[in-house]
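Here, each number is a calculation from the coordinates, and none is a lab measurement. Everything numeric in this text was worked out from a predicted model, so none of it was measured. Don't worry about glycine lacking a Cβ; one is built from the backbone with ideal geometry, like all the others, and counts go over all protein chains shown.
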């Protein structure tokens, strides 16, 4: 039984990891960021490249990937999204374009492919990162096999979730972000620099995606289109949880992950996936605004 | 290389209509008599391009080598390269273009069974010829395809008995990706397991590309099996092996014996996750012969990558061009699909993996089954191999045997199925 719970918890943590960044960019800022998966991918490639060229291990790659993805996120915000606030469908199309652009940049090695140059770590091939060996060696604890890598993901995800919660609900800038979420015009008239705060928020959400990329790289292959499949799961969680609610996102990730894990163990993964989608449909029919959502007055 | 945008455009009907009209407009281009044009059709873009690009490279390398040494019966081979874009529908369109507009007598191409099935009607209706280099599930008997990769009996008839006798394992957990190849492989495996007095405790499938293996590996651990037979395909392989080790399972006590895991997947997952596991293929990069070492060197310098790896389908892509050359020369240099089909029957060639022969009945290749154990360096060690190539039996899952062929030169004996 603990095994099943652990599988579910581990699935939940991965869902939350991806959804956390989205909960901010989509939930808080109303940007349907289709490039979120690509920011995850950039995080993963940061880990691969820093491993090859700088001999960094995974732990050093985590903050580095955060910084890289955040920088790319900031750039996307400055160049594209800034002009599109409030035009939700336009953000979808524009960021989809950005996503394709980022994918191809990695695939074509920033153009080096055209000059017959191969840069190890980039290109269309499959890459991987080295996971420190102590994270690969499970051990027994009171009859339960502890899987260090999965546990590590759970711990990092929890830390990030708590940190994000703290930033949003206990700091000055977090209060400004929440004010902008509710009503950007009113926030601006109260003296909040909406542009600057929005840009920083978007960069922070992107940085979280980068961290997710490093952790995913530990058990998935790293390839240019690895992000497109994860972004769907991310949106699922955010929509079920309630747009704009961190609490809801966390709860939805836990719920969907556990359902997925339980059905996967009892039946199989394909059925589990179908059941999860079924549950999502029912939940959205029952509460179109999501499980947790603030009231608009 | 703007594949995604192109794919997107293709979905819009206007572009689709233009593309459909185009071949008709250009039909009938004159060709010089000192050249033979052939089609080379693999996915150069999209998800499958990682593997298929290397098959295209191996094909082009063989063509370049043949041209450098005088061509085919004095004629130069001119490859017309088309991109299947990892999409069966695109494959079908490109095959039609090669056969109808370019009028090539042969196309070298396709990697997945899905793409082969998509182009098969084109080759059969136009009486053209496809050279297909991938190991596949069998159950096909086309007069318009020359199959140079392994069929199930060439990967499993040695493997399963070897696992039971040499590793002493009797309880199999069969796991695969959910499509035709793994399912047919499982069917053949079960016959062989039962013949050997073993048993299979489970036969499980996950969708292609699935990367969350927690629940499945947990099930393997709980099942009480003592060996895992993996027909998992593509990048799922990497997630599977990594999860297997992360959950504390070991190839020493519970080895994964795989039919698809090649040098490419091993390199991508990190060699330490596969060290100690087994794979059955007729070709491995580690085959320690002069011919193979020279082949690997030539391939590496051809693709300008000193670390490039070779694998089974890649080697088949290479040697099938030579078999084709011999077939054209056997037909007196006349290159039409019919003469090449007649010429290819019984052709023998010394490929990097050893001697290959095309079976005159079913147009599949005689290949030498081998088993390798993967080391920590990402290369296999050949620990078992047949002395001679064995006959290809595409219908072995349905009772076909060497002295009782279902697929003969006359066609498929459908009454037997």
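Quote the convex hull volume per residue of the stretch A:88-147, based on C-alpha atoms, as a whole number of Å³.
Spelled out: Cα convex hull of the stretch A:88-147, divided by residues, is 140 Å³.
If I take the Cα coordinates of the stretch B:244-285 and project them onto the principal axes, what are the three extents in Å, biggest first?
30, 19, 12
May I ask for the distance between the Cα centers of the stretch B:313-380 and the stretch A:228-280, given as a whole number of Å?
Measuring centre to centre over Cα atoms gives 49 Å.
At what distance in angstrom do the alpha carbon centres of the stretch B:286-304 and the stretch B:238-279 lie from each other?
Between the Cα centres of the stretch B:286-304 and the stretch B:238-279 lies a distance of 25 Å.
Using Stokes-Einstein with the Kirkwood hydrodynamic radius over Cα pairs, what translational diffusion coefficient do you get for chain A at 10 °C and a viscosity of 1.306 mPa s, in µm²/s rounded to a whole number?
80
Bin by bin, in steps of 5 Å, what percent of the Cα pairs in the stretch A:1-116 do you find, going until the bin that has the longest distance?
In whole percents, the pair-distance histogram is 2, 10, 16, 19, 18, 15, 10, 6, 3, 1, 0, 0.
Whole Å is fine, so just give me how far the alpha carbon centre of the stretch A:27-60 lies from that of the stretch A:171-207.
24
Convert 25 °C to kelvin, take the viscosity as 0.890 mPa s, use the Kirkwood radius over C-alpha pairs of the stretch A:234-297 as Rh, and evaluate the Stokes-Einstein diffusion coefficient in µm²/s, rounded to a whole number.
The calculation lands on 207 µm²/s.
Which FRET efficiency value, to the nearest 0.05, is calculated for residue B:65 and residue A:185 with the Förster distance at 60 angstrom and r the Cβ-Cβ distance?
For residue B:65 and residue A:185, the calculated efficiency is 0.30.
Relative contact order of the stretch A:25-122, please, whole-number percent, based on alpha carbon pairs below 8 angstrom and at least 6 residues apart.
Relative contact order of the stretch A:25-122: 34 percent.
Can you pull the semi-axes for the stretch A:29-82, root of five times each eigenvalue of the Cα gyration tensor, sorted largest first, whole Å?
25, 10, 8
State the dimensionless ratio Rg/Rh of the stretch A:126-255 (Rg: radius of gyration of Cα atoms; Rh: Kirkwood radius).
Rg divided by Rh gives 1.05.
Modelled label-to-label distance, residue B:329 and residue B:250, 7 Å Cα→beta-carbon offset: nm?
5.4
Would you mind computing the Rg to Rh ratio of the stretch B:130-172 from its alpha-carbon coordinates, Kirkwood style for Rh?
Across the stretch B:130-172, the Cα-based Rg/Rh ratio is 1.18.
What is the P(r) of the stretch A:182-238, as percent of Cα-Cα pairs per 5 Å bin from 0?
Answer for the stretch A:182-238: a P(r) of 4, 14, 18, 18, 14, 11, 10, 7, 4, 1 percent.
Along the principal axes of its C-alpha atoms, what lengths does the stretch B:87-213 span, in descending order and rounded to whole Å?
56, 32, 18
Could you give log10 I(q)/I(0) at q = 0.24, 0.29 Å⁻¹ for the stretch B:348-403, computed by the Debye formula over C-alpha point scatterers of equal weight, without solvent?
Rounded to two decimals, the profile gives -0.98, -1.13.
So if I average 1/r over every pair of distinct C-alpha atoms in the protein assembly as shown and take the inverse, what Kirkwood radius in Å does that give?
When all Cα pairs of the protein assembly as shown are included, the Kirkwood radius is 27.3 Å.
Over the stretch B:145-215, consider all pairs of different Cα atoms and compute the Kirkwood hydrodynamic radius from their mean reciprocal separation; express it in Å, one decimal.
13.3
Determine the calculated [θ] at 222 nm for the protein assembly as shown from helices alone, applying -39500 (n - 2.57) to every DSSP H run no shorter than 4 residues and normalising by the residue count; nearest 500 deg cm²/dmol.
-16500 deg cm²/dmol
Would you list the P(r) distribution for chain B, with all Cα-Cα distances sorted into 20 Å bins from 0 and each bin expressed as a whole %?
27, 57, 16, 0
Could you calculate, for the stretch B:275-339, the ratio of the Cα radius of gyration to the Kirkwood radius, expressed as Rg to Rh?
Dividing the radius of gyration by the Kirkwood radius yields 1.11.
Any idea what % of Cα-Cα pairs in the stretch B:230-345 are farther than 21 Å?
Every Cα pair in the stretch B:230-345 considered, those over 21 Å come to 53 percent.
Would you mind calculating the relative contact order of chain B from Cα pairs under 8 angstrom and at least 6 residues apart, reporting the percent as a whole number?
Relative contact order, chain B: 16 percent.
What's the long-distance tail for the stretch A:1-60, i.e. % of Cα pairs beyond 17 Å?
Across the stretch A:1-60, Cα pairs with separations above 17 Å total 58 percent.
How big is the shadow of the Cα convex hull of the stretch B:186-288, averaged over all directions, in nm²?
7.0
Within 10 Å of each residue's Cβ, count the other Cβ atoms and sort B:319, A:235 from fewest upward.
Arranged by neighbour count, lowest to highest, B:319, A:235 become A:235, B:319.
Taking only the alpha carbons of the stretch B:306-417, what extent do you get along each of the three principal axes, in Å, biggest first?
If we take the Cα atoms of the stretch B:306-417, the spans are 48, 38, 21 Å.
Volume per residue, Å³, of the convex hull around the alpha-carbon atoms of the stretch A:59-168?
Spelled out: Cα convex hull of the stretch A:59-168, divided by residues, is 176 Å³.
Evaluate the relative contact order of the stretch B:30-176 (contact order divided by residue number), counting alpha-carbon pairs under 8 angstrom at least 6 apart; express in whole percent.
With pairs under 8 Å counted, the relative contact order is 20 percent.
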